[in-house]
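This report refers to the structure that appears directly beneath it.
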Amino acid sequence: MSQLYDFFTGRPTEMIARELLGKTLIYHTPAGTISGYVTEAEAYLGPNDSAAHAYAGKRTPANEALYREPGTIYIYSIHGRYSFDVATQAAGTPEGILVRGLEPAEGISLMEQNRAKHGFELTNGPGKLMEAFGINDKALNLVHLDDAPLTISLTGKEPQEVGESPRIGVSQKGDSTFLPLRYFVKGNPFVSGMRKRDMDLVRHGWQ
DNA sequence: AGCATGATTGACT
DNA sequence: GTCAATCATGCTA
């Protein structure tokens with residue numbers, strides 16, 4: 001199996017989400033290459049996780065990607081936006097990781113064009129980073145990272161310190177609501193909701 | 001009808 | 001400039 005396939009299985013999804021911080025998300029477009037380092041990610045733990053799309057074994061055409069091979073792209077829409085997930089664990093085990101923040105690396109001018117914003121507002125949220133990448137449909141849903149123009153490089157940066165918190169926007173009911181399954185690079189300004197006084201403007205929280 | 005969201009507003013400092 | 005509250009948004013079931 002491929003390197004990416006192996007990366008997204010073999011240990012708990014919480015651990016994979018944490019290790020995903022600092023890895024590079026890369027998108028090859030006709031206009032040029034866009035990439036960024038993952039600053040924020042959340043783990044969703046499938047049937048037993050009351051906040052997960054696959055809670056209680058729920059399976060629909062929309063969340064089918066969660067049930068596929070590790071490293072399968074799961075794109076879903078919410079509130080008229082698109083978000084980017086990667087399926088983790090063996091096929092049939094519907095766990096996954098939501099990427100909520102990126103620090104831009106390549107193609108910054110393309111992202112500014114796509115978003116009509118600049119600076120930290122470019123990619124500090126799940127819908128924002130998809131808009132910055134120019135992704136506004138589900139064409140890549142169900143495609144594996146190994147076979148798509150959108151992929152992840154396991155090289156990148158190393159966080160100085162990883163922060164944890166409950167996940168953002170999960171409805172306030174169910175046992176899993178308050179589990180600390182959100183991981184972020186402490187001090188990085190491209191993390192959603194990062195307050196200015198908590199930002200590390202020198203190293204952005206990287207080693 | 002219900003959301004794993006984001007932009008804007010308006011009261012603060 | 002910061003922060004919390006509010007609501008427009010469009011896809012999914």
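Looking across segment A:28-45 at every residue that is outside any strand (DSSP E or B) and either at pLDDT below 95 or more than 14 Å from DNA strand B (Cβ to nearest atom) (or both), the one that is least open to solvent (accessible area, probe 1.4 Å) is identified as A:31. Restricting attention to segment A:123-144, the residues that are closer than 16 Å to residue A:83 by Cβ, away from DNA strand C (no atom under 15 Å from the Cβ) and of a type outside the set (Val, Ile, Thr) total 4.
Inside segment A:62-76, can you point out the residues that are near DNA strand B (Cβ under 8 Å from one of its atoms) and either in contact with an Asp or Glu (Cβ under 6 Å, 6 or more places away or on another chain) or not aromatic (Phe, Trp, Tyr) (or both)? Don't jump to the end; show me each part of the working.
Within segment A:62-76, the subset near DNA strand B (Cβ under 8 Å from one of its atoms) is A:63, A:66, A:74, A:76.
Correct list: A:63, A:66, A:74.
Evaluated against (1) of a type outside the set (Asp, Glu); (2) within 12 Å of DNA strand B (Cβ to nearest atom); (3) not in a strand (DSSP E or B), residue A:82 falls short on exactly one condition, (3).
Of all residues being touching a residue at least 40 places away in the same chain (Cβ under 8 Å) and open to solvent by less than 20 Å² (accessible area, probe 1.4 Å) in segment A:150-169, which is nearest to residue A:24 (Cα to Cα)? Just the residue, please. Steps first, answer last, please.
Step one: list which residues in segment A:150-169 are touching a residue at least 40 places away in the same chain (Cβ under 8 Å), which gives A:150-162, A:167-168.
If we keep only those that are open to solvent by less than 20 Å² (accessible area, probe 1.4 Å) as well, we get A:150, A:152, A:159, A:167.
Details: A:150: 11, A:152: 6, A:159: 13, A:167: 22 Å.
Of everything passing the filter in segment A:150-169, A:152 is nearest to residue A:24 (Cα to Cα).
Are any of the residues in segment A:181-192 assigned to a loop (DSSP other than H, G, I, E, B), in contact (Cβ under 8 Å) with a residue 40 or more places away in the chain, open to solvent by less than 20 Å² (accessible area, probe 1.4 Å) and over 19 Å from residue A:128 (Cα atoms)? For segment A:181-192, residues assigned to a loop (DSSP other than H, G, I, E, B), in contact (Cβ under 8 Å) with a residue 40 or more places away in the chain, open to solvent by less than 20 Å² (accessible area, probe 1.4 Å) and over 19 Å from residue A:128 (Cα atoms): present. The set of residues from segment A:124-149 being within 16 Å of DNA strand B (Cβ to nearest atom), open to solvent by less than 60 Å² (accessible area, probe 1.4 Å) and not in a helix (DSSP H, G or I) comprises A:124, A:125, A:134, A:135, A:140, A:141. Here is the figure for segment A:53-110: residues that are free of Cβ contacts under 8 Å to residues at least 40 places away in the same chain, surrounded by 16 or more Cβ atoms within 10 Å (Cβ to Cβ) and under 21 Å from residue A:189 (Cα atoms) total 1.
The values are calculated or read from the model by the stated rules, or taken from the named source; none is laboratory data. Keep in mind that this is a model prediction, so the values were computed, not measured. We place every Cβ from the backbone using ideal geometry, glycine too, and count neighbours over all the protein chains shown. The accessibility values were calculated without ligands, DNA or RNA, using every heavy atom of the protein model including side chains. Shrake-Rupley method; radii C 1.70, N 1.55, O 1.52, S 1.80 Å.
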